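The values are calculated or read from the model by the stated rules, or taken from the named source; none is laboratory data. For clarity, every value in this text was computed on a predicted model and none was experimentally measured. Virtual Cβ from ideal backbone geometry, glycine too; neighbours counted across all protein chains shown.
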Amino acid sequence: MPAQPIGRLAELRAVLTWEQARQAVVDAVRNARRTLDTEAVELPAAVGRVLAEPVVADRNLPPFPRALRDGYAVRAVDIRAVPARLQLVGEVRPGHGFAGTLHAGQAVRIMTGAPVPDGADAVVPVEQAREEGATVVLQGIAVSGQHITPPGAEATAGQCLLAAGRRLGFAELAVLAMVGHQPVRVVRRPRVALLATGDELVALDHCPGPYQIRDANTAALAALILLCGAVVEYCVRVPDDAGALQQALRAALERCDLLVASGGVSAGRYDIVRSVLEQCQARIVFHGVRMRPGRPTLFALLEGRPVFGLPGNPVSAMVAGELFVVPALDLLSGTEPRPLPMIRAHLAQSVAEQGAMTHFLPARLVWSASGPSATPVVWLGSADAVAASGADGFLIVPAERLQWQPGEQAQILLRRDRL
C-alpha cells in the first residue's frame, strides 16, 4: 500500500466553507447533468417524484359557479332589508343541478360545493336564515358574488397548472387528479452506489471481531437517499485496497448516476479514495471543507458522474450527506435543490467551540409557546451515532462566532427524517 503523498495534510487545510462547497457541488452537477430518463407512473406512486411534463387544466376550475357555504342561493337585489322572506322553490346539492332559473322573490336551498342556479348571484349562509314552511326568512344582507366561486376563478381551460421540474406532493397530486392527468410522466429516480471502505467493516448480520465494526454508514446514507427520492442500486463494502476500490468504482459507474464512498478520505496512510479516483482520471472539485464534523469531505466528477467521498465516522457522513449529496440528488431528479431544512431556535445553554471552522453540534429541540429552544446533546465526537440518534438536528456554530450565550437565537439544521 503506497503512502499518501507528502503535503496531503497541508492540502486539506486549504479548504472551502461549507456554503462554498455546497455551491460547488450544485454548479458542477448542473453543468455535468445529462439528459434525464423518464417513466409513467400512477398517481399514488408519483408522490415525491419530479414532473417530466407540464400539466394543463382540461376545463375551467371550477367548471360552474360553486357555492362556498351551506345556505340559500338568492338574487342579491331581493334582499334590500332584513328580515327578508323569499319563496323556497327547491334544493341543489353537489353533483346535481337546479332545473330552471331563479326568479324574483325566490330562494333555493344549497349545499357547499353545489352549482349555483341560474338567476342567483349570492349565497346567504344557513346560520343567517330559518325556514317557515315553503318560505325562508333571511337575516343576513346579500351582496352580489357573496360566497360564490365563479367558473374559471381557480384556473381556466388550457392553463398550465404544474410546470415540468415540479416535485409532486399531496397538493400537486390533488391537482393532477382534478384534471384527470394519469398516468403522469416523471423523471426516473437517480440510482446511487454506496461504497463503504475499510478493512474494519463487516456486514450487519455478522458478528464483528475484536477490532471490527458493523457498517453503520451504509444504513444511514441509504435512509437519507431514500428520503430524497433516489434509490440505492449498488451497495458494496470495499477493503483498504486500491485495486478492489477501483474495481468497485468501475462496477458502480456501469449502473449508477451518483457514487458515494464513505471512509478513506482523510490524510492517513490507508486513506486511498482520492488517489484511486485520480488514477481513474476523475476531476477533483474539492477535498476538504472548513467544518466539523465532515472536514475531509471530497467531491469529484468521474466520467460525468458525481462522486462523493464522505468521512468514515457516521455523524460526519450524516452531516456531509445532507449538505452536499442531497442537492446533487435533487438536480439528478430533474429539479432545483431544495433549501436546507433550517429553523432558528433559542439556546437553552451557553455554547463555546474551538477551531476556525463551522461546527455542527447534535442538538435536541423543545417547543413552547415562545418557539423552539435548542440544547446541545452530550456527545463524544463524530463516531457517536448513539448521541446523534437522540438529536432533532444540528446546532450550527459559525466559524466567525464560536461562543454563544443562553437565550440567543441560533440556526438549527433539522434532521430530514424528523420533519
May I ask you to list pairs of residues, at least six apart or on different chains, whose Cβ atoms are under 6 Å apart, with the first in segment 8-21 being modelled with pLDDT of 50 or more and the second being among the aromatic types (F, W, Y)?
-> L16/F286; A21/F286
In segment 129-141, which residue that is within 18 Å of V89 (Cα to Cα) and surrounded by 17 or more Cβ atoms within 10 Å (Cβ to Cβ) is farthest from the chain's Cα centre (by Cα)?
-> V136
When residues of segment 55-96 are limited to those that are closer than 20 Å to L176 by Cβ and touching a Leu at 6+ places or on another chain (Cβ under 7 Å), the one surrounded by the most Cβ atoms within 10 Å (Cβ to Cβ) | V55
All-but-one check, A107 against (1) farther than 30 Å from G180 by Cβ; (2) modelled with pLDDT under 95, failing number (2)
Is it the case that G371 is surrounded by 21 or more Cβ atoms within 10 Å (Cβ to Cβ) and not charged (D, E, K, R)?
-> no
Taking segment 292-326, which residues are among the aliphatic types (A, V, I, L, M), buried (at least 24 other Cβ atoms within 10 Å of the Cβ), touching a residue at least 60 places away in the same chain (Cβ under 8 Å) and under 21 Å from Q279 (Cβ atoms)?
-> L310
Scanning segment 302-347 for residues that are of a type in the set (V, I, T) and more than 17 Å from E233 (Cβ to Cβ) gives V315, V319, V326, T335, I343
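Condition check: closer than 30 Å to M318 by Cβ, surrounded by fewer than 19 Cβ atoms within 10 Å (Cβ to Cβ) and aliphatic (A, V, I, L, M). Does V202 satisfy that? Lay out the reasoning, then the answer.
Working: closer than 30 Å to M318 by Cβ: yes; surrounded by fewer than 19 Cβ atoms within 10 Å (Cβ to Cβ): yes; aliphatic (A, V, I, L, M): yes.
Yes; evaluated as a whole, the condition is true for this residue.
This table checks each residue for (1) without any contact (Cβ under 8 Å) to a residue 60 or more places away in the chain; (2) buried (at least 17 other Cβ atoms within 10 Å of the Cβ).
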| position | (1), (2) |
| --- | --- |
| V187 | no, yes |
| V192 | no, yes |
| A196 | no, yes |
| Y211 | yes, no |
| D215 | yes, yes |
| A223 | no, no |
Conditions (1) surrounded by 15 or more Cβ atoms within 10 Å (Cβ to Cβ); (2) at pLDDT below 95; (3) out of contact with any strand residue (DSSP E or B) (no Cβ under 6 Å at 6 or more places or on another chain): number failed by L36 = (3)
Give me the pairs, please: first residue somewhere in segment 141-158 and charged (D, E, K, R), second residue anywhere and buried (at least 17 other Cβ atoms within 10 Å of the Cβ), beta-carbon distance under 8 Å, and either six or more positions apart or on two chains.
-> E154/L61; E154/P62
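In a strand (DSSP E or B) and in contact (Cβ under 8 Å) with a residue 40 or more places away in the chain: is that true of A73 in this structure?
Numbers: in a strand (DSSP E or B): yes; in contact (Cβ under 8 Å) with a residue 40 or more places away in the chain: yes.
Criteria met by A73.
For segment 255-262, check the following and say yes or no: at least one residue is free of Cβ contacts under 8 Å to residues at least 12 places away in the same chain and surrounded by fewer than 21 Cβ atoms within 10 Å (Cβ to Cβ). Show your work before the answer.
As a first pass, look at segment 255-262 and keep what is free of Cβ contacts under 8 Å to residues at least 12 places away in the same chain: none.
So far as segment 255-262 goes, no, none of its residues is free of Cβ contacts under 8 Å to residues at least 12 places away in the same chain and surrounded by fewer than 21 Cβ atoms within 10 Å (Cβ to Cβ).
Listed here are the residues, each with its yes/no results for (1) over 30 Å from E154 (Cβ atoms); (2) of a type outside the set (S, T, N, Q); (3) at pLDDT below 95.
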position: G169; (1), (2), (3): no, yes, no
position: E172; (1), (2), (3): no, yes, no
position: V179; (1), (2), (3): no, yes, no
position: V192; (1), (2), (3): yes, yes, no
position: C207; (1), (2), (3): yes, yes, yes
position: Y211; (1), (2), (3): yes, yes, yes
position: R214; (1), (2), (3): yes, yes, yes
position: V232; (1), (2), (3): yes, yes, no
When both residues are 6+ apart or on different chains and their Cβ atoms are under 9 Å apart, which pairs have a first residue that lies in segment 384-399 and is assigned by TED's automatic domain parsing to the domain that holds E353 and closer than 14 Å to W18 by Cβ, and a second that is part of a helix (DSSP H, G or I) and of a type in the set (D, E, K, R)?
-> F394/E322
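I need the full set of residues from segment 129-167 which are farther than 27 Å from Q106 by Cα and either of a type in the set (G, A, S) or out of contact with any strand residue (DSSP E or B) (no Cβ under 9 Å at 6 or more places or on another chain) (or both), in order please.
Across segment 129-167, the qualifying residues are A155, A157, G158, A163, A164, G165.
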